[in-house]
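Please read the structure below before turning to the comments.
The values are calculated or read from the model by the stated rules, or taken from the named source; none is laboratory data. Predicted model, so just to flag it, every value in this text is computed and none were measured. As a convention, Cβ positions derive from the backbone with ideal geometry for all residues, glycine included, and neighbour counts pool all protein chains shown.
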Amino acid sequence: MKKQESKNNFAEFELASTQQRLINYAIDSVFYFGFIIIFLTIIRYLSKMEGLSFLSGLLISEEPNYLKSIFFGVITTTLFYLILEYLLKGKTIGKFITNTRAITNENEIMDFKSVLIRSICRRIPFDSFSFLGDVPRGWHDRISKTKVVFEKK
């Protein structure tokens, strides 16, 4: 692993490995699906209220609508990661469990813009394949100028 020096709380750290990133992704996916269940339950409840019945038609339909499903997935995954990584300063549930954090290439806590770019770029088709190189950094890391590191205990 590459060790680097930092000018703040990340005094010495290692980049998280590809395997570690995969574990983070698996853990986050479980929590994302829980988030979706809660989100859809709230939408169903709200859509029964007077004046909000249009919500049901936006997200839930009797017939399959693949474009709507893709749009829903893009919006919800972007919001899921945006909310978590911004409010938790580079952490997700998976990163909490594995003691890792996303930071900027300058070794700083990410600002809102970095988190937003990172969250949107996760939706780039085949982003997962960008981890197949020697350095465990995906396109969403490179484009947003961020990296995932192990936190010093």
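Things worth noting here:
- Number of positions in the range 106-120 that are closer than 13 Å to residue 140 by Cβ and not hydrophobic (A, V, I, L, M, F, W, C): 3
- Here residue 108 meets each of (1) modelled with pLDDT of 90 or more; (2) under 16 Å from the mean Cα position of the chain (by Cα); (3) of a type in the set (Asp, Glu); (4) surrounded by 15 or more Cβ atoms within 10 Å (Cβ to Cβ) with one exception, condition (2).
- Residue 108 meets each of the listed conditions (1) under 22 Å from residue 39 (Cβ atoms); (2) not in a helix (DSSP H, G or I); (3) not basic (Lys, Arg) apart from (1).
- You will find that of 25, 32, 45, 81, the residue that is at pLDDT below 85 and at negative phi is 45 and no other.
- Residue selected from the range 75-105 under the condition part of a strand (DSSP E or B) and touching a Ser or Thr at 6+ places or on another chain (Cβ under 6 Å), by the criterion surrounded by the fewest Cβ atoms within 10 Å (Cβ to Cβ): 104
- Residue check for residue 31: assigned to a strand (DSSP E or B) and within 30 Å of residue 130 (Cα to Cα): no
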